[in-house]
Amino acid sequence: MNNAFNRSLSGWGLFLGVFAALIFLSTRPAISLDTQGVENIQSQGNETAIEVIEKLHGLLIRSMKMGDNTTCQERFKFLSSFIKNSFDFPTICRIVLGRGHWKKMDKETRKKFIEAFSDMTVATYARRFDSYSGERFRTQGARLDSRGHYIVDAVLIKANGDKIDFKYVCRKVGQDWKIVSVSARGVNDLSVKRADYNAFLKKHTITELIEKLHEQADRCLGKRDRRQGEK
């Protein structure tokens, strides 16, 4: 079952791994959150959506620069508050599980899944973004789609001048813009996770999925397997 689960979750780890690897390839020493090129940004909501993305990029760079002098658990603490507040995890979890699975879950189970998924996400970022060699992000622009979501386009510029495109989808939750989807090189994280999780749930339960998410987070943070810790 462990191997099956690892395969089923490989999409999200691979997505973050590609994101991290692309950054690590750069060798330019300067750090820059370059917003030059943003056009036709007029509404406060649009500016706020862009700010969320640029803060995320800035924190990831800081996490990498901290890498040599910090543990994964320390980087987890550094990133946790912002990531958990800037990603719309309730919506993300509903999407990746699908309406059918989500409707079958009671409120307590949904809460446990959201907590496990968000911890796994932060732990994966903390583990992947642990070394810095130089890069700069540039926000390309933002636009409102037909659903009322803002699409924020960004680019990672490597030392050799190569550019990697990223697309973030943000939705308004109360007064705040939150991230619901990330695409890198055209690969959408929600689509990958939804396919993988639904494949896993054909043979396993939601409870098993929650436990495996916790175990994945623990491994990222260098902790023992939960079942081993209980022995």
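List of remarks:
- Eligible lysines near Lys65 by straight Cα distance, threshold 16 Å, same-chain separation 8 or greater: Lys55, Lys77
- Euclidean distance between Cα centres, the range 167-213 to the range 43-98, Å: 15
- Exceeding the 19 Å Cα-Cα cut-off - candidates Lys84/Lys112; Lys112/Lys167; Lys84/Lys172; Lys111/Lys212: Lys112/Lys167
- Among Thr48, Thr207, the order by Cβ neighbours within 10 angstrom, fewest to most, reads Thr207, Thr48.
- As a proxy for reagent exposure, ranking Lys65, Lys107 by other Cβ atoms within 10 Å from fewest up yields Lys107, Lys65.
- The slack between Arg185 and Lys103, meaning 0.36 nm per residue of separation minus the straight C-alpha distance, is 26.3 nm.
- In nm, spacing of pseudo-spin labels at Gln175 and Asn198 (7 Å Cα→C-beta vector): 3.8
- If you take all other residues with their beta carbon under 11 Å from the beta carbon of Cys93, and give Lys and Arg +1 and Asp and Glu -1, the sum is +4.
- Between Lys167 and Gln73, the simple label model (points 7 Å from Cα in the Cβ direction) yields a spacing of 4.0 nm.
- Legend: calculated FRET efficiency, Glu208 to Ser81, from the Cβ-Cβ distance at R0 = 30 Å, rounded to 0.05, equals 0.55.
Every read-out reported here was derived from the displayed coordinates using simple, explicitly stated rules and does not represent laboratory data. Owing to the predicted nature of the structure, the values given are computational and were not obtained by experimental measurement. Every residue, glycine as well, gets a Cβ built from its backbone with ideal geometry; the counts of neighbours run over all protein chains shown.
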